[in-house]
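All remarks here apply to the structure that follows.
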């Protein structure tokens, strides 16, 4: 049985998808971009976008009853791999111990001109 997870502390979906879907103990979080849920605007610059993406992920996983420690797998999509080091430094601050498995890719384009998008899977109690 699946359950849709939604919070106003993360941006509303910009298409026909859910912020997250819980299936049993697994939470599948849709790719998040750096939109500030309070304003609906994209954060300016890479550092601000990475931080906002991670804040959005955190809000969604917490709405489902978990925490950033619950995330077991993340996929990072970057407009440019030249941004990997900067993204990685900010990302590390959100996963200080026992970080999730992760893959990172450079892609041709991201929604709404975003510089970074991150999707995640969490294991909940």
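Key figures for this structure:
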| quantity | calculated |
| --- | --- |
| Residues within the range 91-105 that are within 13 Å of the chain's Cα centre (by Cα) and assigned to a helix (DSSP H, G or I), tallied | 2 |
| Options 72, 118: the member that is closer than 13 Å to residue 32 by Cβ and in contact with a strand residue (DSSP E or B) (Cβ under 6 Å, 6 or more places away or on another chain) | 118 |
| Any chance residue 108 is in a loop (DSSP other than H, G, I, E, B) and within 25 Å of residue 123 (Cβ to Cβ) | no |
| Any chance residue 55 is closer than 25 Å to residue 24 by Cα and either surrounded by fewer than 17 Cβ atoms within 10 Å (Cβ to Cβ) or in contact with a helix residue (DSSP H, G or I) (Cβ under 7 Å, 6 or more places away or on another chain) (or both) | no |
| Matching residues in the range 1-49 - criterion: being under 15 Å from residue 112 (Cα atoms) and assigned to a helix (DSSP H, G or I) | 46, 49 |
| Candidate set from the range 63-88 (those that are outside any loop (DSSP other than H, G, I, E, B) and without any contact (Cβ under 8 Å) to a residue 24 or more places away in the chain); member that is nearest to residue 122 (Cα to Cα) | 88 |
| Qualifying residue in the range 23-39 (condition: without any contact (Cβ under 8 Å) to a residue 24 or more places away in the chain, within 18 Å of residue 120 (Cα to Cα) and more than 14 Å from the chain's Cα centre (by Cα)) | yes |
| Residue list for the range 89-119, filter: without any contact (Cβ under 8 Å) to a residue 12 or more places away in the chain and either more than 29 Å from residue 24 (Cβ to Cβ) or buried (at least 18 other Cβ atoms within 10 Å of the Cβ) (or both) | 89, 92, 93, 108 |
| Unique residue being surrounded by 15 or more Cβ atoms within 10 Å (Cβ to Cβ) and modelled with pLDDT of 95 or more when the list is 24, 40, 65, 34 | 34 |
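The values are calculated or read from the model by the stated rules, or taken from the named source; none is laboratory data. As the structure is a computational prediction, the values presented were derived from the model and not from experiment. Cβ coordinates were reconstructed from backbone atoms using ideal geometry, including for glycine residues, and neighbour counts include every protein chain displayed.
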